[in-house]
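Here the structure is laid out as structure tokens; the discussion comes afterwards.
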């Protein structure tokens, strides 16, 4: 998880003992509760979360509209390649498909309030780019699985 100056951290056990101090922090910034026996938890004010969701929805729609405009689409695509350099490792047709899926998933995530699908999409596409960037790995994965050669033990 990305922590920055607007995020505080506190051990879960400390929060259980002194929740008032933790909740006072949440009035000013987000609080990550660090747990040993599970994933960290994020405590934030609903208004901040709502603002983030509204912003993502607006950006997703803006991006979709910009990609539909012929005079803007090349600029947007170039900006996305700069923001996520691994995109350049994808074949050109896949780059366009990724960008279409990114816009679609961002819109879905915003409307459903589930941003995990964006993380999955970005992970899947960046892993695909990694395969395309490694010719030996690409050749192995593109080989006929019925070639009769044994699969090496991991």
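The values are calculated or read from the model by the stated rules, or taken from the named source; none is laboratory data. Quick caveat, the model's predicted, so the values are computed rather than measured. Here the Cβ positions follow ideal geometry from the backbone for every residue, glycine too, while neighbour counts run over all protein chains shown.
So which of 67, 63, 42 is in contact with a strand residue (DSSP E or B) (Cβ under 7 Å, 6 or more places away or on another chain), closer than 30 Å to residue 99 by Cβ and either touching a residue at least 24 places away in the same chain (Cβ under 8 Å) or in a loop (DSSP other than H, G, I, E, B) (or both)? That would be 42, the only listed residue that is in contact with a strand residue (DSSP E or B) (Cβ under 7 Å, 6 or more places away or on another chain), closer than 30 Å to residue 99 by Cβ and either touching a residue at least 24 places away in the same chain (Cβ under 8 Å) or in a loop (DSSP other than H, G, I, E, B) (or both). Of all the numbered requirements in (1) out of contact with any strand residue (DSSP E or B) (no Cβ under 8 Å at 6 or more places or on another chain); (2) exposed (fewer than 14 other Cβ atoms within 10 Å of the Cβ), residue 57 misses one, and that requirement is (2).
Picking from residues in region 16-33 that are touching a helix residue (DSSP H, G or I) at 6+ places or on another chain (Cβ under 8 Å) and outside any helix (DSSP H, G or I), the one that is farthest from residue 6 (Cα to Cα) is 33.
Being more than 20 Å from the chain's Cα centre (by Cα) and within 24 Å of residue 106 (Cα to Cα) is the filter here; which residues of region 14-61 pass it? 45, 46, 47 - these are the residues of region 14-61 that are more than 20 Å from the chain's Cα centre (by Cα) and within 24 Å of residue 106 (Cα to Cα). Report the residue count in region 105-137 for those that are over 18 Å from residue 85 (Cβ atoms) and either within 11 Å of the chain's Cα centre (by Cα) or at pLDDT below 85 (or both). Matching residues across region 105-137 total 16.
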